[in-house]
Amino acid sequence: MDTRAAPAAPGTLSGETLDPADWQSFRAQGHRMLDDIIDYLEHIRERPVWQPIPEGVRGCFRRPVPTAPTDLAAVHDDFMRHILPFSVGNTHPGFMGWVHGGGNPVGMLAEMLAAGLNANLGGRDHVPIEVERQIVQWVRQLFGFPDTASGLFVTGTSMANLIGVLVARTHALGSAVRRRGVASGGKRLIAYTSAAAHGCISQAMDLAGLGSTALHIVPTDDRQRIDLAALDNAIAADRRRGFSPFLVVGNAGTVDIGAIDDLAALADLTQREKLWLHVDGAYGALAILAPDLAPLLAGLERADSIAFDFHKWGQVPYDAGFILVRDGTLHRETFAAPAAYLRRETRGLAAGSPWPCDFGPDLSRGFRALKTWFTLRVHGTDAIGATISRSCALARYLAGRIAETPELELLAPVELNIVCFSYRSAQPDEINAGIVADLHESGIVAPSTTMIRGRLAIRAAIVNHRTAQQDIDALVAATVGFGRAGADSLAA
Ligand SMILES: Cc1ncc(COP(=O)(O)O)c(C=O)c1O
């Protein structure tokens, strides 16, 4: 070994690295930044949910590439004035749009620690991967899956559903499909899901090379659950037409109203027909943590794969999607690839195979597991389950307020935490679209919209753990107020 002192790296002496020249002032500035973001969360209720972006603010993000340095404090000041006030608003208790989780302060701190470690969780032998494996084990336990099941953090359920479809494709065609392509076996694969499924299922079929028309859309019953008799008939008819049914995608919490398919019946059917059962449980699967809701998910433990997000009802900061696959070997055969630069060893940093990159398309992967691990450990799953139950109780409370308010009408049954309703009017779509935009611009509450049986609905998806009865009351009062004003201006 050469013991001569190496010449000092020029960067460490002359400030050429990207580390601060003065750690003390960097530390002080870091503490100010942490204080500011903690203040933001502590006082979130005092802010508007959302506010329109002034043109001057948009202009701040049309600047040329910054070739020269700027003081960190100045950039942070820019963040405080031009980014923080104009964010999407899903940390706010009045946010009820789409299906967005509220995040949580513990998860935020963990995200900062993860950024400090800057770990790449594609592979190799280090404890951040053990943290992810710990979560995989907890998820197996929560959903009653065997120890041989595999799991992986991904961006969100759109990606998790794609992985589910790809593993089902391997199940149907063998792993040779990866080399030869989907046309090589001569089989015309066809999958099934309900009309209430999220659009990313059809997109997954497209991205898997099977084509979105190879997704047979099955009608739903009056509670937006897949019609099992129609599904049975569709499978039989498709087999007669020469198609090869291979996959049923069940729903645990549909995006429009939160409907949960009869998962036990789907498990029976797919077992009988020898089909893969994948469940899109984007937000609904974590209802497993709430004792009063878990029975609604009976049968989920028999699925072949489950996709869900910790960043929705789990309140982990974005993004933290997850895929769980019963047959870990098949999952691995769908993605693992030999490459000289990813050579595995039995010792040293290159040990620890299989690696997460063997279970999905991403090689570079961040440490999503850490914010999830912190959130689950600090709060415990009982507390998260309690917030999930509470959001459903608030949805029922909202349904009750709608029933007692003559101007309002419920448009769909309240299955979980999503309430679709409208302001009664002769021109309902126009009035209700206007009400939702007014609500957003007022900063009071932020629901979204959807179409229910051809009618535009105001959709309140109560996901945020901070939402309380006062926010529901504010939604009802402001909806009625803006509805009356909209009706008056239409009449004029
Ligand atoms: C039922 C359902 N599936 C899939 C998705 C897509 O999930 P993500 O946005 O995490 O990709 C959503 C999003 O809300 C959803 O509600």
Highest to lowest packing among 423-434, 343-354, scored as the average C-beta count within 10 Å = 423-434, 343-354
Based on the Cβ-Cβ distance of W23 and R58, what FRET efficiency does E = 1/(1 + (r/R0)^6) give at R0 = 41 Å, to the nearest 0.05?
-> 0.70
In what order do E407, E42, E132 fall by count of nearby beta-carbon atoms within 10 Å, going from fewest to most?
-> E42, E407, E132
With helices defined as uninterrupted DSSP H runs, which ones in the chain have an alpha carbon span along their own long axis of at least 27 Å and mean Kyte-Doolittle hydropathy of at least -0.5?
-> 381-403, 469-491
Run the quick spin-label model on Q470 and A294: label points 7 Å from Cα toward the beta carbon, then report their separation in nm to one decimal.
-> 3.3
Provide the gained length on full extension for the span D319 to Q137, in nm with one decimal, where the gain is 0.36 nm per separating residue minus the Cα-Cα distance.
-> 63.5 nm
Taking 7 Å along the Cα-to-C-beta vector as the label spot, tell me the A437-R179 distance in nanometres, rounded to one decimal.
-> 5.7
In what order do F421, F243 fall by count of nearby beta-carbon atoms within 10 Å, going from fewest to most?
-> F243, F421
Determine the percent antiparallel among the DSSP beta bridges restricted to the chain, to the nearest 5.
-> 55
How long is the gain from R343 to R424 if the chain were fully straight, where each residue apart is worth 0.36 nm and the alpha carbon distance is subtracted?
-> 22.7 nm
Once amide H atoms are placed 1.01 Å from N in the peptide plane, what residues at a sequence separation of 5 or more from A282, or on another chain, have their amide H within under 5 Å of its amide H?
-> A252
Label model pair E16, T155: point-to-point distance (7 angstrom along the Cα→beta-carbon line) in nm is 3.7
Report the extension gain between Q271 and N118 in nm, rounded to one decimal, defined as 0.36 nm multiplied by the number of residues separating them, less their alpha carbon distance.
-> 50.7 nm
What FRET efficiency do you get for A264 and R377 if R0 is 35 Å and r is their Cβ-Cβ distance, rounded to the nearest 0.05?
-> 0.65
Under the Karplus curve 6.51 cos²θ - 1.76 cosθ + 1.60, θ = phi - 60°, whole-Hz ³J(HN,Hα) for region 288-304, x wherever Gly or Pro sits | 4, 7, 9, x, 6, 9, 3, x, 5, 9, 3, x, 4, 5, 9, 5, 7
Can you figure out the FRET efficiency of L207 with T329, using R₀ = 25 Å and their beta-carbon distance, to the nearest 0.05?
-> 0.60
Expected sort for 435-448, 57-70 on mean C-beta neighbours within 10 Å, highest first, is 435-448, 57-70
With the 8 Å Cα cutoff and a minimum separation of six or more residues, the chain has a relative contact order in percent of 21
Ranking T381, T193 by Cβ neighbours within 10 Å, fewest first, what do you get?
-> T381, T193
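Read the figures in this text as sums done on the coordinates, not as results from a lab. Because the structure is a prediction, the values reported are computed rather than measured. Positions of Cβ are generated from backbone atoms using ideal geometry, with glycine treated the same way; all protein chains shown enter the neighbour counts.
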